[in-house]
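Working notes, beginning with the structure itself.
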Amino acid sequence: MKTRFEVISRDDDRDLVNDPIIKEAGEIIKNGGLVAFPTETVYGLGGDALNPESSRKIYAAKGRPSDNPLIVHIADLKDLPKIVSYIPESAKILAEHFWPGPLTMIFQKSDAVPLETTGGLSTVAVRFPSDTIAQALIKASGGYIAAPSANTSGRPSPTTGRYVLEDMDGRIEMILDGGSCDIGLESTIVDLTEDIPVILRPGYITEEMLQDIFDEVKIDQTILSAASGIAPKAPGMKYRHYAPKGDLTIIAGDTDKVVSYINHELSQLDADDKKVGIIATDETIERYGDCDKKSVGKRTDEAMIARRLYEILREFDDEEIEVIFAESFDCSGMGQAIMNRLLKAAGHKVINV
Ligand code: TXA
Ligand code: MG
């Protein structure tokens, strides 16, 4: 299959809904084809959420196990009732605060959603993205797009159109390139099918933000701990996601000790002729020896760290880095999402110094 790559500009006053390319992309999805598109979190690989055949194609294009459910994207709150059997009060409150935006909610599904889309589950994940290209495409496609992140299974989620092309060239009909994603990490997932909301995947909408709204919020215990025999409630969270090709280890502890540990390892590996990369910060980068070191930004700038993380992992892949060391980050606020993704990328390999 030849994959079309179309750059969509984001001029403020552009009428994206009537853009001829977006209309064409919508027709592709309505006819059962696949189109990758930007969202404010990461790029999605979209197909018609109500067509079981489209969902099968998504799994095939990603090389993803078909028990891993897809998120259904909508672009109008009025479209929610058709795909869920019940809307709890808590969901209405969250929608008011955070939709459109980087929040996914889990509901009991209605019969309109095929089991192929939900990986066989009786629940459905729904998100209303804020990205204007995503919204226009969803409207042009009939209102419901099933979209996982647009990476091949196991690779870091793509945050630019070029990274989507790297993974999906020849596998899907079209890629809409809308530039870099603002957030850079996948949406926060909250399960609302039980009495107390449960965070299944941390993201830009933080635990603290949800605690400001609800008396009680639970968090899936598998989010920051290594495999403990408990299965995460979001099936996708059990896989070793977001992995770079190089062997990644997180070094945690006092900054001076982290820097000297990594520098020591670096000198050993240098002797073996290994290509080494370091995920450093603005505060530390100058202190490391000669290798492929990259800063994710200032330690205090969580938004920048989130935006840069997957990009850096992909750059290391492009540069065929064999061994990667990463500094560790604070786990409060958005740091929880950053550490969750970094731990998964490292297969939970952490050395405390
Ligand atoms: O930001 C995002 O959420 C991006 C963009 C494209 O919207 N999408 C995304 O999709 O990250 P994906 O497929 O890569 O991750 C979806 C996660 C998986 O871990 C999956 O297991 C979980 O959501 N999930 C989906 N439906 C679920 C359900 N009914 N119950 C529990 N977890 C569910
Ligand atoms: Mg994904």
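Taking the chain as a Gaussian network, Cα atoms linked when under 10 Å apart, which of 179, 335, 47 shows the biggest mean-square fluctuation? Its mean-square fluctuation being the largest, the pick is 179. Across the accessible surface of the chain, with the other protein chains kept in place and a 1.4 Å probe, carbon and sulfur atoms take up 49 percent. With contacts taken as Cα pairs under 8 Å and at least 6 residues apart, the chain reaches a relative contact order of 19 percent.
Given Cα pairs under 8 Å that are at least 6 residues apart, what percent is the relative contact order of the stretch 1-106? Don't jump to the answer; show the numbers that get you there.
Values: 57 pairs, mean separation 15.1, N = 106.
Relative contact order of the stretch 1-106: 14 percent.
Peptides 186-192, 198-204 ranked from most to least packed give 186-192, 198-204, packing being the mean of other C-beta atoms within 10 angstrom over each peptide's residues.
GNM on the chain, alpha-carbon springs under 10 angstrom: the most fluctuating residue among 339, 209, 105 is 209.
3J(HN,Hα) along the stretch 52-67, derived from phi through the Karplus expression 6.51 cos²θ - 1.76 cosθ + 1.60 where θ = phi - 60°, amounts to x, 5, 5, 5, 4, 5, 4, 4, 5, 5, 7, x, 9, x, 7, 8 Hz, with x in place of Gly and Pro. Helical runs (DSSP H, four residues minimum) scored at -39500 (n - 2.57) apiece and divided by the length of the chain put the mean residue ellipticity at 222 nm at -8500 deg cm²/dmol.
Taking only the Cα atoms of the chain, the radius of gyration and Dmax are 20.2, 62 Å.
For residue 109, the amide hydrogen comes within under 5 Å of the amide hydrogens of 85, 123, 124, counting only partners 5 or more places away or on other chains and with H modelled in the peptide plane.
For the chain, a Gaussian network of Cα nodes joined below 10 Å ranks 207, 315, 194 by mean-square fluctuation, and the top entry is 194. Rolling a 1.4 angstrom probe over the protein heavy atoms with all chains in place gives the chain an accessible area of 41 Å² per residue. Can you list the residues, at least 5 places off or on another chain, whose amide H is less than 5 Å from the amide H of residue 36, using H built in the peptide plane? Residues meeting the amide H criterion: 46, 174, 175, 176. Phi angles across the stretch 187-203 convert, under the Karplus curve 6.51 cos²θ - 1.76 cosθ + 1.60 with θ = phi - 60°, into 3J(HN,Hα) values of 4, 6, 10, 10, 8, 10, 8, 10, 4, 9, x, 10, 7, 9, 8, x, x Hz, Gly and Pro given as x. Could you tell me how many degrees, from 0 to 90 and to the nearest 10, lie between the Cα long axis of helix 302-318 and the main elongation axis, the longest principal axis, of the Cα atoms of the chain? Long axis of 302-318 versus the principal axis of the chain: about 80 degrees.
Remark on residue 324: its backbone amide H falls under 5 Å from those of 247, 248, 249, 277, a criterion applied only to residues 5 or more positions apart or on other chains, H modelled at 1.01 Å from N. For the stretch 334-346, putting each phi into the Karplus relation 6.51 cos²θ - 1.76 cosθ + 1.60 with θ = phi - 60° gives couplings of 6, x, 4, 5, 4, 5, 4, 6, 5, 4, 5, 4, 8 Hz, in residue order, rounded to whole numbers and with x for Gly and Pro.
The values are calculated or read from the model by the stated rules, or taken from the named source; none is laboratory data. Fair warning: this is a prediction, and the values are worked out from it, not measured in the lab. Using ideal geometry, Cβ is built from the backbone for each residue, glycine included, and neighbour counts are taken over all protein chains shown. Just so you know, the surface numbers come from the protein's heavy atoms only, side chains and all, with ligands and any DNA or RNA stripped out. Shrake-Rupley method; radii C 1.70, N 1.55, O 1.52, S 1.80 Å.
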